[in-house]
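What follows is a single structure, written as C-alpha cells, with notes after it.
No value in this document is a laboratory result; all are computed from the given coordinates. A quick note: this is a predicted structure, and the numbers were derived from the prediction, not measured. Note: ideal-geometry Cβ built from the backbone for every residue, glycine included; neighbour counts use all protein chains shown.
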Amino acid sequence: MKPDTAALTIDGVHAHYGHREVLRGVTAWVPHAQVTVIAGANGAGKSSLLNLVAGVLSPTAGSVTRRDSGRVAYVTQQSEVSRSLPVTVRATVAMGRWAHRGAWRRLTTKDRQVVEECLTRLDITSIADRLIGTLSGGQRQRALVAQGLAQQSGLLLLDEPASGLDLHARKLIDEALHAALAEGTTIMRVTHDLTVAGKADHCLLLRDGGLVAEGPPQAVLTSRQVADAWGIPVRSA
C-alpha cells in the first residue's frame, strides 16, 4: 500500500521509443529518503523507467507525480570520454552545482565546499586536476556519481552506477549513497545485481516493460518471481 509520504507515484504509465512500447501500464510508488531498486533482466524496461522519472522519456499514457518539484539528479551508465576533452575531474563535479548557480556562473564559497566534499566522499581528490577522459572506468564513474551528489537534489537517479567496477569503487559509491540518504535524499537505482537489490529498502521488479512485483526485496525477490522476471522455467517439486 502506498503511504502518504511517498516521494514519487507512477500511475498506469505506458511509454514508447518510436513504435516500440518499452513500459506497459506500470503503477508503483517510491518511498521518501530510502533506496528503491529497479531490477530485472536486460530489456525489462529498467532504464526506460528511470528515463521516464528523469523526464528524458515522456509517457504516452499515465502519469508520474513527485512529492516535490525540485530538479532531479541523474547519473547515467558510464560511457567512453575523449582523452582530449578539456574538462578536469573537479570541473566535472562542479557542473553539478549548475542546477543551483546556472551554467558557467562563478561558484560561491558554498558551491566549492560542496564540490570538495563530494570529491572526498568518492576518494577522487588526488585526481581532481586530471582530465576526465584520462581516467579509468571506475574513476570516471566515481566522478559522475560525485557530480550527481553535488546537485544536492531531493531525488537521485542512478543507472547501474557500480556495474563492472572493482570492490573498492563499489564500496565508495555505496558509502556516498548512504551519506546522501542520511541527508534526506530519495534514491532510485537500476541494477541487475540481485545482491545489490536485496540490500535496498524497496524493489520494483520488471519484465518486458511491466511490473512483476513491488515491495520489500525479501518479498519481491523470491525464487519464483525472479525466475518469472528472467524468463527461467521453474520445475515443479
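Numbers below:
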{"item": "Ascending count of other beta-carbon atoms within 10 Å, so fewest first, for ASP159, ASP174, ASP166", "result": "ASP166, ASP174, ASP159"}
{"item": "At R0 = 25 Å, FRET efficiency that the Cβ-Cβ distance of ARG67 and MET95 yields, to 0.05", "result": "0.45"}
{"item": "Solution diffusion estimate, µm²/s, Stokes-Einstein, the range 74-153, Kirkwood Rh from C-alpha pairs, 4 °C, viscosity 1.567 mPa s", "result": "105 µm²/s"}
{"item": "Computed helical MRE - 222 nm, the chain, DSSP H runs ≥ 4 contributing -39500 (n - 2.57), nearest 500", "result": "-9000 deg cm²/dmol"}
{"item": "The chain: antiparallel DSSP beta bridges as a percent of all, rounded to 5", "result": "50 percent"}
{"item": "Between the range 1-59 and the range 95-155, the Cα center-to-center distance that results, in Å", "result": "27 Å"}
{"item": "Residues in the range 109-148 reached by a label modelled at ASP166 [backbone nitrogen below 12 Å; 7 Å Cα→Cβ]", "result": "136-139"}
{"item": "Volume per residue of the C-alpha convex hull in the chain, rounded to whole Å³", "result": "142 Å³"}
{"item": "Extension gain from HIS16 to GLN113, taking 0.36 nm per residue of separation minus the Cα-Cα distance", "result": "30.8 nm"}
{"item": "Selection from VAL93, LEU177, TYR74, by position along the positive dipole direction of the chain (Cβ)", "result": "VAL93"}
{"item": "Pairwise FRET efficiency - VAL56 versus HIS32, Cβ, R0 = 35 Å, nearest 0.05", "result": "0.95"}
{"item": "Estimated FRET transfer efficiency (ARG106, ALA179; beta-carbon r; R0 35 Å; 0.05)", "result": "0.80"}
{"item": "Protection proxy ranking of 65-71, 205-211, 27-33, 225-231 - average other beta-carbon atoms within 10 Å, highest first", "result": "205-211, 27-33, 225-231, 65-71"}
